[in-house]
Amino acid sequence: MSTQENKPLVGIVMGSSSDWEVMQHAVNMLKDFGVPFEAQVVSAHRMPDEMFAYAESARARGLRAIIAGAGGAAHLPGMIAAKTIVPVLGVPVPSRYLSGKDSLLSIVQMPKGIPVATFAIGEAGAANAALAAVAMLACTDDALAAQLEQFRARQTAAAKASVLPV
């Protein structure tokens with residue numbers, strides 16, 4: 001599903017709708033920067049044919065990055081990366097039993113030759129994956145680069161304005 005009128009530049013996929021609680025943070029960050037994206041469930045285990053079709057068509061459809069969130073065995077980011085040359089940004093989604101450590105290890109341990117950039121477990125990872133996608137796009141988009149620089153300046157100003165309750 002395309003979420004903006006412009007042709008999507010970033011794909012956001014997740015293994016199930018339960019991953020939305022985490023992955024919405026990537027969506028919100030891309031919205032804040034006005035980056036066109038698409039978001040959908042593409043399960044590596046329950047929808048392998050659709051997952052392969054999504055990955056194989058990503059570059060031709062104009063995607064410049066794919067943010068893939070998954071929990072548990074977390075095969076989605078790696079399997080997407082195996083089927084496309086579009087950069088894949090993996091987000092480990094916290095799991096019920098191992099708190100996302102299983103997902104983190106599954107995503108980060110890709111074999112040499114099939115890279116997946118792996119981010120922190122959970123909401124911070126999803127937001128940072130979106131920021132990394134913005135930074136990648138900003139390399140060839142001066143307006144987006146200026147937005148990213150302003151975003152960082154606001155973060156710096158907020159940190160400098162912090163007052164400790166001493």
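The values are calculated or read from the model by the stated rules, or taken from the named source; none is laboratory data. On a predicted model such as this, the values are computed, not experimentally measured, just so you know. We place every Cβ from the backbone using ideal geometry, glycine too, and count neighbours over all the protein chains shown. Quick note on the areas: whole protein, heavy atoms, side chains included, nothing else; ligands and nucleic acids left out. Shrake-Rupley method; radii C 1.70, N 1.55, O 1.52, S 1.80 Å.
Details
- P8 in contact with an Asp or Glu (Cβ under 7 Å, 6 or more places away or on another chain) and either open to solvent by 10 Å² or more (accessible area, probe 1.4 Å) or more than 17 Å from A74 (Cβ to Cβ) (or both): yes
- Residue selection: S103 fails the criterion of being under 23 Å from N28 (Cβ atoms), among the hydroxyl-bearing types (S, T, Y) and either assigned to a loop (DSSP other than H, G, I, E, B) or in contact with a helix residue (DSSP H, G or I) (Cβ under 7 Å, 6 or more places away or on another chain) (or both).
- Being in contact (Cβ under 8 Å) with a residue 40 or more places away in the chain, under 19 Å from A127 (Cβ atoms), among the β-branched types (V, I, T) and crowded, with 21+ Cβ neighbours inside 10 Å holds for only one residue in V22, V27, and it is V22.
- Some residue of segment 96-110 being among the β-branched types (V, I, T), in contact (Cβ under 8 Å) with a residue 40 or more places away in the chain and surrounded by 15 or more Cβ atoms within 10 Å (Cβ to Cβ): no
- Matching residues in segment 107-143 - criterion: being outside any loop (DSSP other than H, G, I, E, B) and more than 21 Å from Q24 (Cα to Cα): V108, A138, D142, A143
- Failed criterion for P77 (all others in (1) open to solvent by less than 30 Å² (accessible area, probe 1.4 Å); (2) part of a strand (DSSP E or B) hold): (2)
- Exclusive hit being open to solvent by 50 Å² or more (accessible area, probe 1.4 Å) and over 12 Å from the mean Cα position of the chain (by Cα), set A82, A58: A82
- Residue selected from segment 57-105 under the condition of a type in the set (D, E, K, R) and closer than 16 Å to A44 by Cβ, by the criterion modelled with the lowest pLDDT: D102
- The single condition among (1) closer than 22 Å to V10 by Cα; (2) out of contact with any strand residue (DSSP E or B) (no Cβ under 8 Å at 6 or more places or on another chain) that L76 does not meet is (2).
- Among the residues listed as L137, L131, the single one being open to solvent by less than 20 Å² (accessible area, probe 1.4 Å) and at pLDDT 95 or above: L137
- Unique residue being of a type in the set (F, W, Y) and under 16 Å from the mean Cα position of the chain (by Cα) when the list is F151, F119: F119
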